[in-house]
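The values are calculated or read from the model by the stated rules, or taken from the named source; none is laboratory data. This one's a predicted model, so the numbers in the text were calculated from it and none came from an experiment. Side chains are part of the model used for accessible areas, which takes the heavy atoms of the whole protein and leaves out ligands, DNA and RNA. Shrake-Rupley method; radii C 1.70, N 1.55, O 1.52, S 1.80 Å.
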Amino acid sequence: MAPRWLSSSAAADRLGVSLRTLYKFIDEGLVPAYKFGRVIRLKESEVDAFIESSRIEPGTLDHLY
C-alpha cells in the first residue's frame, strides 16, 4: 500500500499546532519529514505515530500542580 502524504499545513492541523511548531518538531527530529524539491511532506502514519507517542501517562504531571 502506498503511503498517504500530508502537506505541512495538513500535518500541523492534524497535530493542532502552528506551522512554526511543526517545523520545530521536524528540525528536532521528533517528526520525520521528506523534502521533494521545494515541498515538504509527512507520512500520515508517522504523524499518527508521533501523536500516539506523545500520550501523557497518568500520574506524570505532579510537577504542574
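A few remarks follow.
- On a per residue basis, the chain carries 79 Å² of accessible surface, using protein heavy atoms and a 1.4 Å probe.
- Value in Å of the Kirkwood radius, where the chain supplies the Cα pairs that are averaged: 12.9 Å
- Of the solvent-accessible surface of the chain, computed with a 1.4 Å probe and all protein chains present, 54% belongs to carbon and sulfur.
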